[in-house]
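Data block below; observations after.
The values are calculated or read from the model by the stated rules, or taken from the named source; none is laboratory data. Not measured: the values here are computed from a predicted model. Cβ sites come from the backbone with ideal geometry, for glycine too, and all protein chains shown count toward neighbours. Please note that ligands, DNA and RNA were not included when accessible areas were found on the heavy atoms of the full protein model with its side chains. Shrake-Rupley method; radii C 1.70, N 1.55, O 1.52, S 1.80 Å.
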Amino acid sequence: MDETLARAREAIAVARSIVVLTGAGISAESGIPTFRDAMTGLWSRHRPEDLATPEAFRRDPRTVWDWYAWRRERVALVQPNAGHEALARLERVAAARGADYLLVTQNVDGLHAAAGSRRMVELHGNIRRVKCFDRGHPAASWPSETPGPPPCALCGSPLRPDVVWFGEALPPEALQAALDAARRCDVFLSVGTSGLVEPAASLPLAALERGMAVIEVNPQPTPLTRRAWAALAGPAGEILPRLVPLESTP
Ligand code: OAD
């Protein structure tokens, strides 16, 4: 492991173009359960696949809105961890030596931004933002005391979280930016994602097809592990600070 880690650290240190893909695993050490582990307490009798869809919202807007309000409250209580911080540091290190850098995240928790990451594509949106269901008008604020979704101030349509639900398309410009970067990079780092959900799962494959160094950080094996140039088995909060050590900060 130490040898693989040293090889990966060296590849990152000299890369001209770096893409990082993150999933729910990077936020696990902040105390946010991964999507499929998230249904505790009040919500344990629901399945996420039954709540995170436009059909569910049409059928029962109040339950879906209240579920997201509950998740939003939990996200607001947690802090970024050493893994998020190491990636924010990597962005600064890359900028200082003129290398390209893009962080592509499937997470909706906003913890990368809270840690200081700026060059970022949020493929699945952000739970802290809200827009209206019919026309996508963004809402900067909304009354929190009323149960269920408040109406859009512009058109009256119910407000919903600005996230990508099952059955919805990803924002095309975000996906295109992620794909372009994955095709151009010389190092691709995949962190804390099961690699089961498309189209994000194809991003490391685009880098692999071009023979680029794909580095995975995950305590569990995934479909990518055997194909990765370097697979680092362990938690992101421990491995990433070793890949981007504090002393590398400009
Ligand atoms: P998953 O919940 O599918 O996978 C989480 C991954 O994180 C697993 O492979 C774990 O082994 C790994 N993991 C757990 N703890 C970790 C740690 N401390 N450090 C590093 N890795 C760790 O989450 P995603 O791959 O993000 O989509 O799921 C992708 C998408 O599927 C989500 O964005 C969501 C979901 O359904 C939408 O909501 C559209």
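Compute the orientation-averaged projected area for the chain from the convex hull of its Cα atoms and round it to one decimal in nm². It would help to have the intermediate numbers written out before the result.
On the way: hull surface 54.3 nm².
Mean projected area for the chain: 13.6 nm², to one decimal.
Using the Cα centre of the chain as origin and beta-carbon charges of +1 (Lys, Arg) and -1 (Asp, Glu), tell me which of S30, V163, L240 is placed farthest towards the positive end of the dipole.
Sorting the options by dipole projection puts first V163.
Long-range amide H contacts for L232: which residues qualify at under 5 Å (H placed 1.01 Å from N, peptide plane, sequence gap of 5 or more or a different chain)?
E216, V217, N218
If you roll a 1.4 angstrom probe over the protein chains with everything in place, what fraction of the accessible area of the stretch 59-191 belongs to carbon and sulfur, to the nearest %? Mind dumping the intermediate values first?
Details: 3160 of 6100 Å².
That share works out to 52 percent.
Take R59, project a point 7 Å from its Cα along the Cβ direction, then tell me which residues of the stretch 118-158 have their backbone nitrogen under 18 Å from it.
149, by backbone N distance to the label point.
Between A140 and D100, what's the calculated FRET efficiency when r is the beta-carbon distance and R0 is 30 Å? Round to 0.05.
Working: r = 32 Å, r/R0 = 1.07.
Calculated transfer efficiency: 0.40.
Going through the stretch 145-249, which chymotrypsin sites (Phe, Trp or Tyr not before Pro) have at most 16 other Cβ atoms within 10 Å and a DSSP loop state? Write out the running numbers ahead of the final one.
On the way: sites: W165, F166, F188, W229; in loops: W165, F166, W229.
Of the chymotrypsin sites (Phe, Trp or Tyr not before Pro), the ones in loops of the stretch 145-249 whose Cβ has at most 16 other Cβ atoms within 10 Å are F166.
Based on Cβ point charges of +1 for Lys and Arg and -1 for Asp and Glu, what charge dipole magnitude is obtained for the stretch 123-248 about its Cα centre, in debye rounded to the nearest 20?
Numbers: 11 positive and 12 negative charges, 15 e Å.
With Lys and Arg at +1 and Asp and Glu at -1, about 80 debye.
Given labels modelled 7 Å from the Cα in the Cβ direction, how far is it in nm from A153 to Q79?
Label-label distance for A153 and Q79, simple model: 3.3 nm.
Please work out the C-alpha center-to-center distance from the stretch 78-94 to the stretch 135-152 and express it in whole Å.
32
Rounding to the nearest 20 debye, state how big the charge dipole of the chain is about its Cα centre with +1 on each Lys and Arg Cβ and -1 on each Asp and Glu Cβ.
Details: 28 positive and 28 negative charges, 51 e Å.
Dipole size: approximately 240 debye.
Where q = 0.11, 0.16 Å⁻¹, what log10 of I(q)/I(0) comes from the Debye formula for the stretch 122-250, counting one point per Cα?
Rounded to two decimals, the profile gives -0.56, -0.89.
Would you mind checking which residues have amide H under 5 Å from R129's amide H? H placed 1.01 Å from N; only 5 or more apart, or other chain.
D162
About its Cα centre, how strong a charge dipole does the stretch 194-250 have in debye, to the nearest 20, once Lys and Arg get +1 and Asp and Glu get -1 at the Cβ? Don't skip to the answer; put the middle values down first.
Numbers: 4 positive and 5 negative charges, 31 e Å.
Here the stretch 194-250 has a charge dipole of around 140 debye.
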